[in-house]
Amino acid sequence: MSLRHLKAVVLKEIRHVLRDRWTFILVLVTPISLLFIMAYALTVDIEDVPIAVMDHDQSAVSRNFIQQLSAGEELDVVARANSLEEVERLLVDGTIKVGVIIQPAFGEYLVGQRGLRLQVIIDGTEPESGTFGMEQVAQRTEAFVVRSLPTGSAEWLRPIELKTRALYNPGLEPRVDLVPGLISMVLGLPALSVALALSREREHGTLEQVLVTPISRADLLVGKMIPYIAIGMINVVAIPIMAMAAFGIPFRGSFGLFFLVSIVFLFAMLSMGTLIGVFMRTQPAALALSFLVIFFPGFFMTGIFYPIAAMPDELQMEAMLLPGTHYAIITRSIFLRAVGLEILWPNVLALAGLGVVFTAVAAFFFKKRLG
Amino acid sequence: MNEENGNGGGPAAAERRDTVIETRGLARDFKDLRAIDGLDLTVRRGELFGLIGPDGAGKTTTLRLLAGLLKITDGSATVAGRDLTREPEAVKPHIGYMAQRFSLYAELTVMENLRFFSELYDVLPRERGERTDRLLSFAGLTPFKSRRAEHLSGGMKKKLALACTLIHQPPILLLDEPTTGVDPVSRREFWDILTELYTGGTTILVTTPYMDEADRCTQVGLIYQGQLIRCAAPEAIRAGIGEELIELQTDQWRKAQVVAEDLPGVSQVMTYGDSLHLLVDAAEERLPDIETRLEEEGIPYRSLRATRPRMEEAFISLVRDRERERLR
């Protein structure tokens with residue numbers, strides 16, 4: 001190791017990042033914008049589900065019920081249908097997602113406490129809005145029924161009332177859980193940059209001129225990683241602020257701990273990127289492999305979207321080899337549960353271990369040769 | 001032009017004769033292809049050694065092997081007294097290697113590139129300033145020191161690359177086609193710099209596709225299909241090809257070329273501006289025949305005379321001999 005060599009490589013790489021527009025965009029602008037895009041695109045706020053109502057009852061009760069359905073933001077009664085065929089046509093041409101059919105004698109049955117005569121048809125090709133619409137119809141119906149019944153008889157309908165309380169995310173907002181997880185995805189981008197930076201040097205021939213100097217392999221690799229860790233740290237500060245400001249994600253834990261652990265994570269991710277850069281000789285190849293081993297698994301296997309517990313055993317093992325898995329656990333714990341190192345140390349240790357192993361493998365296979 | 005200061009006699013010359021680069025049976029395979037095939041090369045201290053050969057002969061591979069950039073498949077190579085198969089890293093501080101492609105950092109300035117390599121070569125900080133200044137003026141780059149390398153002209157890029165290879169004052173220079181793709185003025189300037197380095201005692205091994213450049217070397221090695229097929233001073237190479245040259249100046253060179261190609265004893269006809277160069281087995285013997293034949297065909301000519309073969313003719317003749325030998 002030579003500090004002079006290390007410094008020279010770090011300085012050179014920082015200059016490159018600052019002067020090469022695309023590298024700059026990739027390392028500094030992309031992570032934050034990607035977080036925004038994914039956070040918005042991957043959590044759906046369904047509003048104004050268009051529905052059609054077919055009223056066979058035509059009573060005061062049914063008119064009242066329809067009014068109840070269209071109250072609020074969630075459902076939007078866009079059509080009144082006169083036949084089942086019309087409901088079907090509206091579903092087919094996409095005008096509505098849900099059709100509500102009020103059977104004859106709806107009001108009488110309700111008042112007579114003989115059950116409800118209501119039919120709901122949903123568009124199964126769009127289950128998201130369909131099921132959401134159905135849930136909404138069910139909720140409204142229940143509220144309507146409870147209100148319509150004489151006082152006291154409502155309890156008879158619901159003998160046990162379950163009151164659930166979700167800890168840490170009381171509204172069960174999907175975004176509160178998703179955004180801290182997504183941070184592990186977007187902070188993985190510097191790994192792509194370092195993989196590209198290494199393969200670019202091979203492509204452009206600049207590596208050839210460096211390889212004939214007396215620099216050691218470790219100095220060259222570590223010197224290339226350090227600038228991207230430093231730049232990643234800017235994102236480590238910026239991203240939680242954005243998450244809090246833009247999505248109202250709570251940050252309940254220690255920021256200092258988050259910052260330090262994030263550096264360990266960046267080290268692990270960058271050593272993965274370096275490993276890719278060592279093996280791939282062209283930038284397109286490095287890009288393709290990065291997607292294959294960093295981003296796709298980072299997306300599907302780190303538990304950001306699908307719980308790791310739901311994966312097959314072999315995949316669970318593999319998930320533990322991904323830095324993102326540990327980091328997603330850490331970010332969620334720090335953001336939402338204010339958990340400290342006393343709980344998270346195995347994950348932090350795993351991150352550090354993965355980083356050391358990846359770096360060692362990269363250094364082992366990186367030869368100061370061209371062919 | 002360097003013959004007079006190259007291989008002369010005297011005690012100074014004898015001192016210069018120590019071997020600084022030596023390969024024995026050097027071989028390098030790329031998958032199934034044997035790119036270098038038993039290369040025996042000797043470069044002595046203070047030589048300006050030109051390695052010439054057709055494209056794909058193995059010039060670049062040879063230089064990369066000597067720079068430790070490629071693993072040696074077979075044989076041995078010693079550079080600056082260090083065995084490349086055993087300690088390739090130990091060679092690196094003693095050599096300056098310049099790749100054929102421009103391989104400096106495009107988005108760094110001239111000064112930043114020099115500085116970067118001075119640090120990688122452990123040039124002491126107190127020497128750095130004076131040395132970079134000297135190299136900048138040496139390469140004529142002083143006015144451009146704050147310009148990004150990507151904005152330099154082709155010739156300036158080559159000079160910057162050379163300056164970066166010289167930053168640690170290496171006793172041995174390995175230059176891979178340093179003047180390819182450079183305009184004639186820059187090419188001349190570049191060779192002036194090389195001559196100056198050579199005069200200063202640096203051993204230079206340079207590959208080149210230009211035959212006039214080979215003529216400026218003190219020693220020329222002709223590499224063909226991964227082997228060194230001839231190695232001598234340029235004079236000796238030109239004289240020793242076993243063929244002689246006839247120069248024919250005529251306005252009807254197209255017609256003359258067809259006629260000359262069929263004459264007995266003529267092995268090769270090359271166009272050379274407004275004249276034709278005929279490689280023949282014996283010039284004086286063949287001259288009368290050629291004269292007669294030209295008159296028979298009614299081809300007027302301005303001059304017809306035996307002349308000294310140049311490096312280009314020598315090169316072509318040697319390569320052709322070799323090909324013929326292989327076919328046999």
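A few comments on the model shown:
- Taking only protein heavy atoms and a 1.4 Å probe, the accessible area of the range B:244-308 is 43% carbon and sulfur.
- Rough spin-label spacing in nm, given labels placed 7 Å along Cα→Cβ, for B:Lys145 and B:Arg326: 5.0 nm
- Inter-chain Cβ neighbour average for residues B:96-106, partner chain, 10 Å: 5
- Value in Å of the Kirkwood radius, where the range A:49-157 supplies the Cα pairs that are averaged: 14.1 Å
- Accessible area per residue in Å² at 1.4 Å probe, computed on the range B:244-308: 55 Å²
- Computing FRET efficiency as 1/(1 + (r/R0)^6) for A:Leu3 and A:Val77, where r is the C-beta to C-beta distance and R0 is 45 Å, gives about 0.05.
- For the range B:170-328: rounded, prolate or oblate by the Cα gyration tensor [a/c cutoff 1.5]: prolate
- Taking every alpha-carbon pair under 8 Å whose residues sit at least 6 apart, chain A reaches a relative contact order of 20 percent.
- Peptide A:7-18 has a mean shielding of 3, counted as Cβ atoms of other protein chains within 10 Å of each residue's Cβ.
- All-pairs Cα distance distribution in chain A, expressed in whole percent, bin size 10 Å: 5, 19, 22, 17, 14, 11, 7, 4, 1, 0
- Of the accessible area of the range B:131-231, computed with a 1.4 Å probe over protein heavy atoms only, carbon and sulfur atoms account for 49 percent.
- Distance between the modelled labels on B:Arg305 and A:Glu108, one decimal in nanometres: 13.1 nm (7 Å Cα→Cβ projection).
- With every protein chain in place, chain A: carbon and sulfur % of accessible area (1.4 Å): 64 percent
- Taking Cα atoms only, the orientation of helix B:311-327 departs from the longest principal axis of chain B by about 80 degrees.
- Across A:Ser83, A:Ser216, A:Ser262, mean-square fluctuation computed from a Gaussian network of chain A (C-alpha pairs under 10 Å connected) peaks at A:Ser83.
- For the range B:163-184 versus the range A:286-328, the gap between their alpha-carbon centres in whole angstrom: 49 Å
- Cα-based helix-to-principal-axis angle, A:217-247 vs chain A, degrees rounded to 10: 30 degrees
- Distance (nanometres) between label positions extended 7 Å along Cα→Cβ at B:Thr271 and B:Thr199: 4.0 nm
- Against chain A, whose longest principal axis is taken from its Cα atoms, helix A:127-148 shows a tilt of about 40°.
- By accessible area with a 1.4 Å probe, ligands and nucleic acids excluded, highest first: order of A:Tyr306, B:Tyr105: A:Tyr306, B:Tyr105
- P(r) of the range B:244-308 over all Cα-Cα pairs, binned every 10 Å from zero, in whole percent: 24, 66, 10
- Accessible area buried between chains A and B, both sides summed, probe 1.4 Å, in Å² to nearest 100: 2900 Å²
- 12 Å cut-off, amide nitrogen to a point 7 angstrom out along B:Leu263 Cα→Cβ, residues in the range B:298-319: B:299, B:301, B:303-307
- Size descriptors for chain B, from the alpha-carbon set: Rg then Dmax equal 22.6, 77 Å.
- From the C-alpha gyration tensor of the range A:166-287, square roots of 5λ in Å: 36, 14, 10
- Largest-first ellipsoid semi-axes for the range B:138-221, taking √(5λ) over the Cα gyration tensor eigenvalues, angstrom: 21, 16, 10
- With R₀ set to 22 Å, the beta-carbon distance separating B:Gln249 from B:Glu284 gives a calculated FRET efficiency near 0.75.
- Within the assembled protein chains, the solvent-accessible surface assigned to A:Leu178 is about 10 Å², based on a 1.4 Å probe.
- Normalised alpha carbon radius of gyration of the range A:252-297 [divisor 2.2 N^0.38 Å]: 1.47
- Neighbouring partner chain Cβ atoms per residue of A:202-211, average, 10 Å criterion: 6
- For the range B:73-187, radius of gyration divided by Kirkwood radius, i.e. Rg to Rh on alpha-carbons: 1.00
- Pair-distance distribution of the protein assembly as shown: all C-alpha pairs, bin width 20 Å, starting at 0; shares per bin in whole percent are 14, 30, 24, 16, 11, 4, 1.
- Residues within the reach of a label modelled at B:Met111 (point 7 angstrom out along Cα to beta-carbon, backbone nitrogen below 12 Å), restricted to the range B:144-177, are B:144-148.
- Cross-link check: pairs B:Lys31/B:Lys92; A:Lys12/B:Lys159; A:Lys224/A:Lys368; A:Lys367/B:Lys92; A:Lys7/B:Lys71; B:Lys71/B:Lys158 evaluated at a Cα-Cα cut-off of 19 Å; pairs beyond the cut-off: B:Lys31/B:Lys92; A:Lys12/B:Lys159; A:Lys7/B:Lys71; B:Lys71/B:Lys158.
The values are calculated or read from the model by the stated rules, or taken from the named source; none is laboratory data. Only a predicted model underlies this, so the values are computations on that prediction, with no experimental measurement involved. Positions of Cβ are generated from backbone atoms using ideal geometry, with glycine treated the same way; all protein chains shown enter the neighbour counts. The protein model used for the area step is the full one, side chains on, heavy atoms only, and it has no ligands, DNA or RNA in it. Shrake-Rupley method; radii C 1.70, N 1.55, O 1.52, S 1.80 Å.
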